[in-house]
Amino acid sequence: MTSTIVVVLAAALLVAALLIFVFAARPSGGLTVPRGSHVVRVDERDFNITAAQTTLPAGNVLFVDTNHGPVAHELVMWQTSAPAADLPLGKDGRVNEDSAALNKVLDSGSSLQPTETRILSVSLDPGHYVLVCNLPGHYRAGMHVDITVH
Ligand SMILES: [Cu+2]
């Protein structure tokens with residue numbers, strides 16, 4: 001009986017040692033942020049956009065954008081002198097992406113689905129920028145924020 005307990009304990013110790021070895025040997029993986037990049041969280045929901053920082057240093061920026069809303073949202077960034085709340089609109093009420101007053105620097109392309117997080121990289125010169133969701137109705141509902149780069 002005692003020998004059975006010893007065998008079970010020895011087996012348990014062996015499994016524990018193997019687990020430690022397996023986890024220690026596992027590659028760390030993950031994403032490496034390029035040296036000097038500035039990481040900024042962006043949160044989108046119905047219907048606003050917030051950025052963890054709205055004043056950023058010039059250079060490479062990684063936006064970690066999460067859609068917390070129940071519907072899809074996109075993220076577009078323009079350099080412009082216009083305030084985020086007063087961008088040129090088209091007849092459909094969306095921001096007029098063809099306006100000469102807007103210089104697009106970033107576009108999520110497809111929309112982020114609910115709960116999706118996407119990492120978007122951009123190199124920014126000093127200036128004034130806006131982050132917008134330009135899906136129909138979303139800009140006018142409040143999905144815009146000013147960003148200043150020094
Ligand atoms: Cu949206």
Practice task
Could you please tell me which pairs satisfy a Cβ distance under 6 Å, a separation of 6+ or placement on different chains, a first residue in the range 45-73 that is farther than 22 Å from T148 by Cα, and a second residue that is near the ligand (Cβ under 8 Å from one of its atoms) and hydrophobic (A, V, I, L, M, F, W, C)?
Solution key: H73/C133
Exercise for the section: Select, from K91, K104, the only residue that is without any contact (Cβ under 8 Å) to a residue 24 or more places away in the chain and among the basic types (K, R). Expected result: K91
Problem - All positions within the range 89-108 that are more than 14 Å from the ligand (Cβ to nearest atom) and either open to solvent by 70 Å² or more (accessible area, probe 1.4 Å) or of a type in the set (G, A, S) (or both) - result: L89, G90, K91, D92, D98, S99, A100, A101, N103, K104
Completion exercise
Going through the range 137-150 in order, the residues found to be within 16 Å of the ligand (Cβ to nearest atom) and either among the β-branched types (V, I, T) or not in a strand (DSSP E or B) (or both) are G137, H138, Y139, R140, A141, G142, M143, V145
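Being of a type outside the set (A, V, I, L, M, F, W, C) and closer than 13 Å to L56 by Cβ is the filter; apply it to the range 122-136 and report the residue that is nearest to the ligand (Cβ to nearest atom).
The selected residue is Y129.
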Problem - Exclusive hit being open to solvent by 20 Å² or more (accessible area, probe 1.4 Å), within 20 Å of H138 (Cβ to Cβ) and more than 16 Å from the ligand (Cβ to nearest atom), set R41, R35 - result: R41
Fill in the blank from the handout: In the range 120-134, residues that are outside any strand (DSSP E or B) and open to solvent by 40 Å² or more (accessible area, probe 1.4 Å) total 2
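The values are calculated or read from the model by the stated rules, or taken from the named source; none is laboratory data. All of these numbers come straight from a predicted model, not from anything done at the bench. Heads up, the Cβs are rebuilt from the backbone with ideal geometry, glycines too, and the neighbour counts pull from every protein chain shown. Remember, those area values only see protein heavy atoms, side chains included, never the ligands or the DNA or RNA. Shrake-Rupley method; radii C 1.70, N 1.55, O 1.52, S 1.80 Å.
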